[in-house]
Each structure stands twice: as C-alpha cells, then as structure tokens.
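Comments concern the structure below.
The values are calculated or read from the model by the stated rules, or taken from the named source; none is laboratory data. None of these values were measured; they are calculated from a predicted model. Methodologically, a virtual Cβ is constructed for each residue, glycine included, from the backbone with ideal geometry; neighbour enumeration extends over all protein chains shown.
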Amino acid sequence: MKDKQQAVINRIKVIGIMVFMILLIFLVTNSTKILKNPTDIFIVANGSLSYEEPTEGYVIREETVLQGENHKNGMVPIVSDNQRAAKGEAIFRYYSNGEEAIVKQIEHLDEEINIALENSGALLPTSDIVSLEKQIENVVNSMYDLNDMEKIQEHKKEIDAYISKKTKIKGALSPSDSYVKTLTSQREALEAELEEGSEIIYAPISGMVSYRVDGLEEVLGIENFDYLSSDLLKGFNLKVGSTIPPNEEKGKLVNNFHCYIATIMNSERASVANVGDTVTIRLSTANEVDTNIVYIKEEDDGNRIIVFEIEKDVADLIAYRKISFDIIWWKYSGWKISNAAIIEEDDKTYVERNKAGYAEKILVKVLRQNDTFSIVNNYTDEELLEMGYTEEEIAERNSLKLYDEIILH
C-alpha cells in the first residue's frame, strides 16, 4: 500500500516538474518579447544631416581709406558710422581753428531751440523726425548691459548726432517769423563759419561709411589673392571677434554688397574643396550665409588657404577683421533613419519594414550619411531600369514611406 502511494507521489512530482519546465520556457520565451528594447523599431521621419567644421577667418573687403591734410586736428563725422553715402557726398570734416568756442555756441543754441519748441507747442512729426527718433531709441536700447566704455562713447556720439539733426529739422519747420526760426538761422550761420574754416572730405565713390580703420585696408586687397599666406595672416596677431577701434584721423568707404573671408585649413574635407564650390557658413550671429569658394592656395606644410565670397550680412562684418565661423560643407534634408536599420547586400542598400508583424525588405537610396544617421529615399523608376530591374519587378516593388516602422539590427 505504501509502495503504491509513493509511486503516485513520484508521478505527481514528475508531472509537476514537467509543468514547471514548460511554464519556465514559456516565460523566458515571451519575456524576451515583452522586454524587447523599443528602439528595435525606428519610425521614418523628416530630418536633416550636415557636415560642419569650426574655423577662424580674416575679413577682406573692398575699402577706400579717406584722409585729409588736416587729420591731426581731429575729425567730426557728417555721415554716421555704417550709413551709406553717395558719390560726392560730404563724409566728415576736420576741426578748424577756434572751433571749440563755436561748437559751444551751437550746443547752447540747440538747448534754446528745444526749449522754444516745447513752449511754442508740438509740431506734427515728419517722417524724418520719426525715423531719427527710432534710430535714437535703437541706439539707447543697444546700450543696455554694455560695460565697454569705448562702445558707450561711440553710442553717445551717435545719439548726439541724431538729436542735432532732429533739432535742425524742427527748426526748419518753424514759421519764418518765429523765435525758433531766428535761433535756427543763428545756428546755421555758425555751422557755415565752421565749414569755411574746416577741411571737408567728400566721397569719391558710393559705399558704406566706416570710421574703423585698422591699417590693413591697403594690405588685404581683393584684386588678386596670391599674396595671401599663413605667415602673413598669422603675423597680424589679431584677436578673434575683437572690433576694430574707431579712428580719429581717417574714415573709409566700404563695398557692403560683398566681401571675402580667408581661412587656413588642413582638414580632410578642406583638402577636397574646389574653386567654384558653394558652401554655407554660420556666423557668430547664428545667421547662415551661402558662399562661393573663389580662391584656394596650397602651402608646403599641407595647409590650404581658402577664400570665400559672401554677398549677405556684409554690413554685420564691417566692425571686424578676424572672426570665428562654422563651415557647413554639406547639408541634406529628407527621410532620416538610423544607420542600424540599413542592410547592405550585393552593393545595394535595404531596410526592413515592419508590416503587421512581418518584415518586408525594401531597396533604398542613401543620399547622405554620417556615423549615426542617413538620409534616404526611394529609387525612381528610371534609376531602377538603369540598374537592370524589369518593368514587372518595378511595378511589384515595395516603397518606403514617411512614418513607416523599420527594424533596427
């Protein structure tokens, strides 16, 4: 009896062990599916890839330096910095003898004119006055959080010049028999006296006015870049991003429609660049500008001097001679997928699409690729015919679509 009971117990134990093993196998098998990394599926989405390199460059412009005989006297801007001037227009003048006293008289008249205008009632603002007020407001706003005393002084001079122009316009609009008109006439007479005794510099050509003259205008020419070398550029010992200080004796006219940036590079990508290539550069302002490579010079040490021509945001660079920027050698947009989804077979590229739990192999064309992602697209019918596919095969082919699920390997 005991033997029969023991046999039943042993049989139950065996059955229990078998059930346990079956359950264990089931759990292990299904747990791998449950715990499967969600990144095993990748969704096809729009995106972009780019290849970029940071570098430094020297700004080369078409610049005409202006200087008169009385440059030691100090100068007074007539056209403000970074404003365009027409050919023949008065740009700046040099101080004349006894000017200090006349300038004080003009300042005193400006105060009297402004007081008289306030007492006589407000004039209707003209477009010129509104424009000047806007310029004053912009300069004031740009002075917030400034710690550079040189820049603060520059902005103060700008504001004084705008206020003076505004006062003259208001005075000219006053009735001919008014007190304001009398004061304005006195002011004009003093200005005429200043002009008679001072040297005025006129623009020989049209261009953007700048008073930031660093002495490299005659060294860095644009007619022929053969003179450029690493030793020459590095020998200037310029600090990246520092502004050219205003000059008290000279001004210049700058072609603000195009300029050039020369850089020294020895990267792998730079070594295959060619004259005529179009690339994008990203300035420190974060603006991206399309450029053309117009000059390349090979140096004995393996460096290449590459010169880019730019025709946008030129005015933003007038205050600088050496800048940092990023070269975007190429940038592609389209369907962006992980490189882990790509299968290479027989010199062709495929991905596997997850369709209702089944894997579908799809032939794709890789447009651009970096270490992590690729930009892909479908081949056109014409391209597939050239690759040897029949019309029947093309008609039956699977095509990749936006938001498809593809399998990572």
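Only one of (1) touching a helix residue (DSSP H, G or I) at 6+ places or on another chain (Cβ under 6 Å); (2) among the hydrophobic types (A, V, I, L, M, F, W, C); (3) under 30 Å from N247 (Cβ atoms) fails for L384. Which number is that?
(3)
Regarding region 292-315, can at least one residue be identified that is aliphatic (A, V, I, L, M) and farther than 25 Å from E268 by Cα?
So far as region 292-315 goes, yes, one or more of its residues are aliphatic (A, V, I, L, M) and farther than 25 Å from E268 by Cα.
In region 300-312, what count of residues is obtained for those that are within 24 Å of A286 (Cα to Cα) and exposed (fewer than 15 other Cβ atoms within 10 Å of the Cβ)?
2
What about E69, is it charged (D, E, K, R), within 30 Å of I222 (Cβ to Cβ) and either in the same structural domain as I293 (by TED's automatic domain parsing) or modelled with pLDDT under 80 (or both)?
Spelling it out, it is not the case that E69 is charged (D, E, K, R), within 30 Å of I222 (Cβ to Cβ) and either in the same structural domain as I293 (by TED's automatic domain parsing) or modelled with pLDDT under 80 (or both).
Evaluate the following for Y379: is it modelled with pLDDT of 90 or more, out of contact with any Lys or Arg (no Cβ under 7 Å at 6 or more places or on another chain), more than 30 Å from V213 (Cβ to Cβ) and assigned to a loop (DSSP other than H, G, I, E, B)?
no
So which of E298, E288, E311, E268 ends up being out of contact with any strand residue (DSSP E or B) (no Cβ under 9 Å at 6 or more places or on another chain), of a type outside the set (V, I, T) and on the phi < 0 side of the Ramachandran plot?
E268
Within region 223-242, track down each residue that is more than 15 Å from S324 (Cα to Cα) and either of a type in the set (A, V, I, L, M) or touching a residue at least 12 places away in the same chain (Cβ under 8 Å) (or both).
F225, D226, L228, S229, S230, L232, F236
Within region 274-285, take every residue that is assigned to a loop (DSSP other than H, G, I, E, B) and in contact (Cβ under 8 Å) with a residue 40 or more places away in the chain and give me the one that is nearest to D313 (Cα to Cα).
L283
Would you mind telling me which numbered condition in (1) modelled with pLDDT of 95 or more; (2) touching a Leu at 6+ places or on another chain (Cβ under 6 Å) I201 fails?
Status for I201: all satisfied but (1).
State which residue pairs qualify: first residue in the same structural domain as S374 (by TED's automatic domain parsing) and inside region 385-400, second residue surrounded by 14 or more Cβ atoms within 10 Å (Cβ to Cβ) in any location, beta carbons under 6 Å apart, and separation of 6 or more residues or different chains.
Pairs found: I394/L384; N398/E360; N398/I362; S399/N378; L400/I362; L400/V364; L400/N378.
Which one is nearest to E299 (Cα to Cα) among residues in region 237-253 that are buried (at least 16 other Cβ atoms within 10 Å of the Cβ) and more than 20 Å from the chain's Cα centre (by Cα)?
Going through the qualifying residues, I end up with L238.
Which ones in region 339-376 are part of a loop (DSSP other than H, G, I, E, B) and touching a Gly at 6+ places or on another chain (Cβ under 9 Å)?
Residues satisfying the conditions do not exist here.
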